[in-house]
Amino acid sequence: MKFWCVCYACIQQTSHNALRSIVYCEGPPTLQRGRPLIPCPRCRSTNTVSFQQLEAEGSRAQLWGLEQAAKQHPRRFFEIKPEGG
């Protein structure tokens, strides 16, 4: 499975720079308390949320902004390979 995600830990670490907080990653999420957790390949935090989940939660304004940022660059800009992988 492939996911577009935003990492809230990266948002805080980059002074709210959306481009450095969006990741395009592969792999099945792990479920914890019914919520899919996707570890961020940049910082290893699981404080992430997929674009699909934002849409399901009705966070359309936030999702729109993230999608606009993602459309400005090719997908490979957001593909982060985990260290050692």
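Bear in mind these aren't lab numbers, they're just calculated from the coordinates by the rules spelled out. Being a predicted model, the structure only gives us computed values, none of them experimental. FYI the Cβ positions are ideal-geometry reconstructions off the backbone, even for glycines, and counts take in every protein chain you see.
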Ascending count of other beta-carbon atoms within 10 Å, so fewest first, for Tyr24, Tyr8
Tyr8, Tyr24
Under a point-charge model restricted to the Cβ atoms of Lys and Arg (+1) and Asp and Glu (-1), what is the dipole moment magnitude of the chain relative to its Cα centre, in debye to the nearest 20?
100
Output ³J(HN,Hα) for region 13-29: one whole-Hz value per residue in order, computed from phi by the Karplus curve 6.51 cos²θ - 1.76 cosθ + 1.60 with θ = phi - 60°, and x for Gly and Pro.
6, 10, 6, 6, 7, 4, 4, 8, 10, 8, 9, 10, 9, 10, x, x, x
Both in Å, the radius of gyration and Dmax of the C-alpha trace of the chain are 12.1, 36
Mind giving me the nanometre distance, one decimal, between the label points for Asn17 and Ala61, set 7 Å out from Cα along Cα→Cβ?
2.6
Value of [θ]222 nm, deg cm²/dmol, for the chain, DSSP H segments ≥ 4, -39500 (n - 2.57) each, nearest 500:
-7500 deg cm²/dmol
